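To keep things clear, I will list the structure first and then write my remarks on it.
The values are calculated or read from the model by the stated rules, or taken from the named source; none is laboratory data. What you see is a predicted model; the values in this text were computed from it and never measured. Cβ sites come from the backbone with ideal geometry, for glycine too, and all protein chains shown count toward neighbours.
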Amino acid sequence: MTDRSAFDEFVHARSAALARTAYLLTGNHHTAEDLVQHALLQTARHWERISASPEAYARRVMYHQNISWWRKRRFTETTLGAHDEVHPPQDSDLRLTLEAALARLTPKQRTILVLRFFEDLTEVQTAEAVGVSVSTVKSTTRHALARLRAIAPDLVEADS
Amino acid sequence: MNLRSELEHLADTAPRPSIDSTLWDQGRALRRRDRLVTSAVVLALVVIVGGLVSLVVGPPRAFEPADNTVPGGAIPNRVVEPPVMIDPPLEANLGIGRASAAFFSAGGVPVIIGATDGRYHLVKLTGTEDRRAALELSPDGRRLAWSSDDSGVSVADLTTGDVTDLRRQIGTDDVVVTLSWRADSTHLTWANQTRGGIVDVVTGEAEQASMTDPFIFGSVSPDGELAAVIGRRGPAALFAAVGSSGTRLRRALPVDLYPKGTNVVPLGWAEDHLLLAEVFGPKGSYVEGSHLVLLTSPDRPESEWTFRIVMRDQPVSDLSIAVDLIPDLDGTSSQQLTHDFGEPDWPGQRDISWIIGLGVAAAVAVLLGLRWLWRRRVQLR
């Protein structure tokens, strides 16, 4: 199998999973798609060095790039409001509450929550993926949950 | 319902992305660019490290002009004043080879310009430390004569470096103020305030001469018929017939070039009837300031006269030129009479511009390398 066909196969198999994580990280369909495209581009760029675990590499790129984009855009962009909002098929009240709650977190808090509770990474793995210390992961998780608790008490109670 | 399951549900709403089909090609293009940048950085680092190592442990850099050399020798297309240096390194060995020009710098340092390579040599001439003496390069550029503070005259063979003291042949107690070579480059005329004479520097034969003889105060043509002399500012160059008559001849200068007249100082004869002279064009002249010209002597028909500017903006005073290095005129105005040897490198003054350039390049290369390493560490972790 050539590198090109292996890459195409990887994209075909895993782009949807990457898109799910990207959407949770960004909360925006367009930005999530850009994030996936960027991660796949970087994966193609370094393919020969990372072909053993391209998905892990692509995910790390997404984690870092999301925070990096936020740092660049926070002073220049505003949300598109309803244009970017999701149209959930079920449990709309609760998911809207979750979306709204996630939107009020910082990208760092949001990323760490996604890694911990959606990607099932340990604190150590999360710290390594984001490039921060374990104690930062712990404190950020604590603050993020506290904020969620204030915004959506039902959700956090259910989680706890 | 917990947070994980809610995140799962929320993620389910993410649409399947439409992936650009050219991603692989774009990624490969970026990869090729990465390799090029990496290669360039590595090459820059190697060059910089090699350059710094050679700078520290290598032999001293030769002080040579950047331009080429002329096997037979040539007059430089310009002469520059050396930079002011405190205690400049002076060459004691005068065996520097054929020279094209010689002069005292504004700081009183004797300077000789190599004929073939255009190198500037700051030299040590005995007896010239306290005052600016006469300094004359022979027409063939192979001998250098100078007068010393203690009434002596010395001649250096620039091929061997041997110096001959002519004090005994001249036999004067006064300081010699003028020196002039005959066209054969073996006879040297000298004069002080009261006396003059001529010395054959090869055989040592010497003659005394009257101060009224034109060849004492003028530059004698190769055929010995005419002497070009220094005149006051005016519309013509002055010449005198050599011999008992001493007839004065005037050679009119181009009025359109020097409407207010000019001073002409003879430097030597390039041919029997072609004089090289230094001319100072006053304000309003076509060529202002000091410059060197070739002009036909007045003993030729005016229809044969030529007037060529050889060197403009000549900055030094009492420049001596090896006139034999001027090529025979081919009658075309495009003929190159001088050669561009490039910027001179001065002994004792290290050119640090390239070191600064290397330093900046090194800093940029190191920053690029660090950035590349950092990005690689972050992205591959």
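Residue-wise test of (1) within 22 Å of A:Phe118 (Cα to Cα); (2) of a type in the set (A, V, I, L, M); (3) in contact with an Asp or Glu (Cβ under 7 Å, 6 or more places away or on another chain).
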residue: A:Arg4; (1), (2), (3): no, no, no
residue: A:Glu9; (1), (2), (3): no, no, no
residue: A:Arg14; (1), (2), (3): yes, no, yes
residue: A:Leu24; (1), (2), (3): yes, yes, no
residue: A:His29; (1), (2), (3): yes, no, yes
residue: A:Gln37; (1), (2), (3): yes, no, yes
residue: A:Ala52; (1), (2), (3): no, yes, no
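Residues of segment B:1-21 that are more than 7 Å from every other protein chain (Cβ to nearest Cβ), closer than 19 Å to A:Asp34 by Cα and surrounded by 12 or more Cβ atoms within 10 Å (Cβ to Cβ): B:Asp12 alone. For beta carbons closer than 8 Å, sequence separation of 6+ or different chains, a first residue in segment B:27-50 that is more than 25 Å from A:Leu41 (Cα to Cα) and away from every other protein chain (no Cβ under 13 Å) and a second that is of a type outside the set (D, E, K, R) and loosely packed, with under 12 Cβ neighbours inside 10 Å, there are no qualifying pairs. For segment B:13-49, the set of residues classified as charged (D, E, K, R) and part of a loop (DSSP other than H, G, I, E, B) consists of B:Arg16, B:Asp20, listed by residue number. Looking only at segment A:23-42, count how many residues are at the interface with chain B (Cβ under 7 Å from one of its Cβ atoms) and touching a Phe, Trp or Tyr at 6+ places or on another chain (Cβ under 8 Å). Number of matching residues: 4. Report the residue count in segment B:82-134 for those that are out of contact with any strand residue (DSSP E or B) (no Cβ under 9 Å at 6 or more places or on another chain), touching a residue at least 40 places away in the same chain (Cβ under 8 Å) and of a type in the set (Asp, Glu). So the answer is 1. Annotation for segment A:26-42: no member residue is out of contact with any helix residue (DSSP H, G or I) (no Cβ under 8 Å at 6 or more places or on another chain) and among the polar types (S, T, N, Q). Taken residue by residue, segment B:130-148 has no member that is crowded, with 17+ Cβ neighbours inside 10 Å, aromatic (Phe, Trp, Tyr) and at pLDDT below 90.
Considering segment A:96-110, the residues that are of a type outside the set (A, V, I, L, M, F, W, C) and within 14 Å of chain B (Cβ to nearest Cβ) include one that is farthest from A:Ser133 (Cα to Cα), namely A:Thr97.
For segment B:200-223, give me the residue count where each residue is assigned to a loop (DSSP other than H, G, I, E, B) and modelled with pLDDT under 85.
Total satisfying the criteria: 5.
From the list B:Val293, B:Val364, B:Val310, the lone residue that is under 30 Å from B:Met85 (Cα atoms), at pLDDT 85 or above and not in a loop (DSSP other than H, G, I, E, B) is B:Val310.
If you go through segment A:86-98 one residue at a time, do you hit one that is within 23 Å of A:Thr140 (Cβ to Cβ), modelled with pLDDT of 90 or more, buried (at least 20 other Cβ atoms within 10 Å of the Cβ) and not polar (S, T, N, Q)? No; the residues of segment A:86-98 include none that is within 23 Å of A:Thr140 (Cβ to Cβ), modelled with pLDDT of 90 or more, buried (at least 20 other Cβ atoms within 10 Å of the Cβ) and not polar (S, T, N, Q). Entry remark, segment B:281-320: residues being more than 24 Å from the chain's Cα centre (by Cα) and not aromatic (Phe, Trp, Tyr) number 14 in total.
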